[in-house]
Amino acid sequence: MVSMRARSCSGVESCNENHEDDLNYSLEMCRWLLKALGVWSSVYQRVTKLEKVFSILMRFTCFSCLLFVILPSAYNMFFVEEDLKNIVKLLGPVSFCTSSTIKYFILGSKGNILRRCIKHVEKDWKMVGDPYHRAIMLKQVSISRFLITVCVAFLYSGGMSYHTVMQFLSKGRSNANVTMRPIAYPCFNFLDIQSSPTYEIVFFVHCVSALVQYTITSAGYSLAAIFATHICGQIQIQIARLDELVDENETKSTFHDRISIIVRDHAKVVRFSKEVDEALREVCLAQIVESTLNMCMLEYYCLMEWANSDMISILTYFMLLVSFTFIIFIFCYVGEILSEQCSRMGPASYNVQWYNLPPRDAYNLILVNAIALYPPKFTAGKIMDLSIPTFGTVVKTSVIYLNLLRTFAW
C-alpha cells in the first residue's frame, strides 16, 4: 500500500533519508567514467572550482591523445600506404578512434540536457518514501551496475590486449627478419619512433589514447544503462501502485488521490524518457554505425589471422569482437526492456478491479491505458529504434559487409 508519508511529500522536502547514498550508489560508476573524461563537471551542478579546472585539463589531454592517433594514421592511410591489406588492417582501429572522438564531442555538448536528466534521477531518489518502492529502484541500480561492469571488463581487457600483448607476441612480429619495435598505429614521419625515449613516449600516448577511447564508449553505455533501468524502476513502482489502487476500505477522495499520483508520475516518466532519448540519440547512432563497421572488420581480422595460424592475434580480435557484439546487444536490449516495461502499464491498468468502481472513477484508467499503447523508445538518431530486431540487423549487416570485404581485399 502507498504510504501516507509518500503521499504527503512535497517537492521541497525529502521522503528518503538515504537519498544521497542511494544517488551516489546509482551514479557511482558513471561518475568515475565521466570524471576521467572531464565531462562530469558539465553534467553535475555541485562541483568545486578545482574540479572544473581539472575537467578542462582532462578534456585537453583526452582530445590531444585522440588526435595524436587520428591525424598520422589518416595521413598514412590516404597518402602513404599503398597495400590494400595494410589499409584495411588500419581501418578498424582508426575508425573506432574517430567514432570515439565524435561521441566524446557529443557527450561534451550535451551537458545541459544530461544535467536535467541527472537532476530528475536525484529528485526521484529524494521522493521515494515507500521502502518497497525504494527496494525496486535499488534492484534496478544493481542491474545497471552489473551490465556496466561486464561491459567495462570485456572492452578494456580486449582493447588493451590489442595495444600491448598482441603487438609483442603475435606471430607477425616474431617472424620479422628485421627487429622492429612494435607500435599499434602509424606515427608522424618526423619522429624516429625506433629510438629511445621517443618509442616509449609514443607507445605510452597510444595506450592512454586507447584508455580514453574505451572510457568514452563505456561512459555512453553507462548513461544509457543507468537512465533506462531507472525508468524501468519507476514503471514498476506505478504498476505496484495500480495493484493497490482499489481498496474497499478507503474513501472516494483517497482513490482520487491515488489515481492522480499514478497519472502524474507516469506522465513524468514518459517525459523523462523523451529527454533521455534526446540526450543520447546521437551517441546511440554513432554506436550503431561504429559497431557495425568494427564487427565486420574484426570478423575479417579473425579470418586473416586464422589463415596465418596466429593464435595470439585470433584470441585478441575475438575478445574485441565479443566486446563490441556485447555492447551493441546491451544497447539494443536496454531499449527493448524500456519499451516492454512501459507497455506493461496497459495490462496492469486493465487488471485493476475497475468493474467494482463507479463509472466516473473507472474512466480515469483509460488515460493510463491509452498512454501505454505508445511506450517511449530509445532511438539511434531518430532513424531506428533500439531493440532486439535492430541488434539482429546490425549483425546481419556486418556479415554482408564482411563478404564484400573478402571479395575485394582478401
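The values are calculated or read from the model by the stated rules, or taken from the named source; none is laboratory data. Since the structure is predicted, the reported quantities are computational estimates derived from the model, not experimental observations. Here Cβ is always computed from backbone atoms with ideal geometry, including for glycine, and neighbour counts include all displayed protein chains. To get the accessible areas, we keep the full protein, side chains included, count just its heavy atoms, and leave off ligands, DNA and RNA. Shrake-Rupley method; radii C 1.70, N 1.55, O 1.52, S 1.80 Å.
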| field | Those residues of region 306-316 which are free of Cβ contacts under 8 Å to residues at least 24 places away in the same chain and in contact with a Phe, Trp or Tyr (Cβ under 8 Å, 6 or more places away or on another chain), in sequence order | value | Ile314
| query | Among (1) closer than 27 Å to Met58 by Cα; (2) open to solvent by 40 Å² or more (accessible area, probe 1.4 Å), where does Lys89 come up short? | reply | (1)
| Failed condition for Val202, given (1) without any contact (Cβ under 8 Å) to a residue 24 or more places away in the chain; (2) open to solvent by 20 Å² or more (accessible area, probe 1.4 Å); (3) part of a helix (DSSP H, G or I); (4) aliphatic (A, V, I, L, M), with all others met? | (2)
| remark: Reported set for region 216-248 where residues are farther than 20 Å from Lys268 by Cβ and among the aliphatic types (A, V, I, L, M) is Ile216, Ala219, Ala225, Val246
| said: Looking only at region 336-365, count every residue that is among the acidic types (Asp, Glu) and farther than 20 Å from Asp243 by Cβ and tell me the total. | reply: 1
| remark: Cβ pairs under 6 Å, 6+ apart or interchain, first in region 47-74 and over 23 Å from Ser95 (Cα atoms), second of a type outside the set (Lys, Arg) and part of a helix (DSSP H, G or I), ordered by first then second residue, are Val47/Ser41; Glu51/Ser41; Lys52/Ser41; Ser55/Ser41
| message | Being open to solvent by less than 20 Å² (accessible area, probe 1.4 Å), farther than 16 Å from Cys117 by Cα and basic (Lys, Arg): is that true of Arg258 here? | response | yes
| message | Among the residues of region 113-131, are any open to solvent by less than 10 Å² (accessible area, probe 1.4 Å) and more than 20 Å from Val47 (Cα to Cα)? | response | no
| remark: Just one listed residue, out of Tyr333, Tyr374, is closer than 30 Å to Leu245 by Cβ and either out of contact with any Gly (no Cβ under 9 Å at 6 or more places or on another chain) or part of a helix (DSSP H, G or I) (or both), and it is Tyr374
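Each row is one residue, and each column tells you yes or no for (1) touching a residue at least 60 places away in the same chain (Cβ under 8 Å); (2) open to solvent by less than 70 Å² (accessible area, probe 1.4 Å); (3) among the basic types (Lys, Arg).
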{"site": "Tyr301", "(1), (2), (3)": "yes, yes, no"}
{"site": "Phe318", "(1), (2), (3)": "no, no, no"}
{"site": "Gly335", "(1), (2), (3)": "yes, yes, no"}
{"site": "Ser343", "(1), (2), (3)": "no, yes, no"}
| request: Identify, by number, the condition in (1) open to solvent by 20 Å² or more (accessible area, probe 1.4 Å); (2) in contact (Cβ under 8 Å) with a residue 40 or more places away in the chain that Lys396 doesn't meet. | output: (2)
| So which pairs qualify, if the first residue must be in region 103-132 and more than 26 Å from Ala380 (Cα to Cα), the second must be assigned to a helix (DSSP H, G or I) and of a type in the set (Lys, Arg), the Cβ gap must be under 9 Å, and the two must be at least 6 apart or on different chains? | Asp124/Lys268; Trp125/Arg134; Val128/Arg134; Gly129/Arg5; Gly129/Arg7; Asp130/Arg5
| request: Out of Ser64, Ser100, report the one residue that is polar (S, T, N, Q) and either loosely packed, with under 15 Cβ neighbours inside 10 Å or over 25 Å from Cys296 (Cα atoms) (or both). | output: Ser64
| note | Of (1) open to solvent by less than 10 Å² (accessible area, probe 1.4 Å); (2) out of contact with any helix residue (DSSP H, G or I) (no Cβ under 7 Å at 6 or more places or on another chain), Phe54 satisfies every one except (1)
| remark: Checked region 138-152 for anything open to solvent by 50 Å² or more (accessible area, probe 1.4 Å) and farther than 13 Å from Ser222 by Cβ; matches are Lys139, Ser142
| message | Among the residues of region 267-274, are any modelled with pLDDT of 85 or more, more than 21 Å from Glu340 (Cα to Cα) and part of a helix (DSSP H, G or I)? | response | no
| Matching residues, region 136-167, being of a type in the set (Ser, Thr, Tyr) and closer than 30 Å to Glu200 by Cα | Tyr156, Ser157, Ser161, Tyr162, Thr164
| query | If you go through region 1-33, how many residues are of a type in the set (S, T, N, Q), at pLDDT below 50 and open to solvent by less than 70 Å² (accessible area, probe 1.4 Å)? | reply | 2
| note | Checked Val269, Val283, Val289, Val276 against criteria (under 29 Å from Lys382 (Cα atoms) and open to solvent by 30 Å² or more (accessible area, probe 1.4 Å)); the one match is Val289
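Within region 244-251, can one find any residue that is closer than 30 Å to Gly111 by Cβ and open to solvent by 10 Å² or more (accessible area, probe 1.4 Å)?
First, pick out the residues of region 244-251 that are closer than 30 Å to Gly111 by Cβ: none.
So far as region 244-251 goes, no, none of its residues is closer than 30 Å to Gly111 by Cβ and open to solvent by 10 Å² or more (accessible area, probe 1.4 Å).
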| Check on Phe78, within 22 Å of Ser222 (Cα to Cα) and in a helix (DSSP H, G or I) | no
